[in-house]
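Engineer: Provided herewith is a single structure, encoded as structure tokens, for subsequent inquiry.
Quick note: the coordinates plus some simple rules give every number you see, no bench work behind them. Remember, it's a predicted structure, so these values are computed and weren't measured experimentally. Note that each Cβ is placed from the backbone with ideal geometry, even for glycine, and that neighbours are counted across all protein chains shown.
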Amino acid sequence: MPHCIVEHSASLDAEPLLKVVFSGALNSALFAKDGADIKVRAITYQHYLSEASTSNFVHVVLKILSGRTLEQKQLLSKAVLDQLLTLDFKKCSMTVEIVDIDRASYAKFVG
């Protein structure tokens, strides 16, 4: 855990986005020290509408098992956003969202 889903405009390269989101999650110190439990994937959008002042966007959804405090969630959100800002994209909206996964209904299989 977590599942990090990076949604972004097609004109942005996914590779650096994946790397900085992974780093941000790792830097939060909320997950395994080696990052083995951090999963990051990207969804590229060719078509979208956004604010007139921005031409690109990055929205990161971090799905984590329920039970974290508000402070931990804020720390995670800030850690990821801080890493995104190192990319110094121009005219780009960047947002981070933390979503709880209900522990009681979560199922997992690794084959």
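Engineer: Suppose we look only past 19 Å in the calculated P(r) of the chain. What percent of the Cα-Cα pairs does that tail hold?
Structural biologist: Every Cα pair in the chain considered, those over 19 Å come to 45 percent.
Engineer: For the cross-link pairs LYS33/LYS90; LYS78/LYS108; LYS19/LYS108; LYS33/LYS63; LYS33/LYS73; LYS39/LYS108, which exceed 21 Å when the distance is taken from alpha carbon to alpha carbon?
Structural biologist: LYS33/LYS90; LYS78/LYS108; LYS19/LYS108
Engineer: Provide LEU12, LEU87, LEU70 in ascending order of the number of other Cβ atoms located within 10 Å of each residue's Cβ, fewest first.
Structural biologist: Placing the least packed residue first, the sequence is LEU70, LEU87, LEU12.
Engineer: While we're on this one: Considering only ALA14, ALA32, ALA79, give the residue with the highest GNM mean-square fluctuation for the chain, with springs between Cα atoms whenever their separation is below 10 Å.
Structural biologist: ALA32
Engineer: For segment 43-99, state which GluC sites (Glu not before Pro) are in a DSSP loop and have at most 11 other beta carbons lying within 10 Å of their beta carbon.
Structural biologist: Here the GluC sites (Glu not before Pro) that fit, given the DSSP loop and packing criteria, are GLU51.
Engineer: Relative contact order for the chain: what is it in percent, counting Cα pairs under 8 Å that are at least 6 residues apart?
Structural biologist: Relative contact order of the chain: 35 percent.
Engineer: Counting Lys +1, Arg +1, Asp -1, Glu -1, what net charge surrounds SER66 among other residues with beta carbon under 13 Å of its beta carbon?
Structural biologist: Result for the local shell: +2.
Engineer: In terms of modelled amide H atoms, which long-range or inter-chain residues lie less than 5 Å from the amide H of THR95?
Structural biologist: Placed amide hydrogens put VAL58, HIS59, VAL60 under 5 Å from THR95.
Engineer: Considering only DSSP beta bridges where both residues belong to the chain, give the percentage that are antiparallel (nearest 5).
Structural biologist: In the chain, approximately 25 percent of DSSP beta bridges are antiparallel ones.
Engineer: Hey, can you grab everything whose amide H is under 5 Å from the amide H of VAL40? Only 5+ residues off in sequence or another chain; H modelled, so Pro and N-termini drop out.
Structural biologist: Answer set, sorted by chain and number: CYS4.
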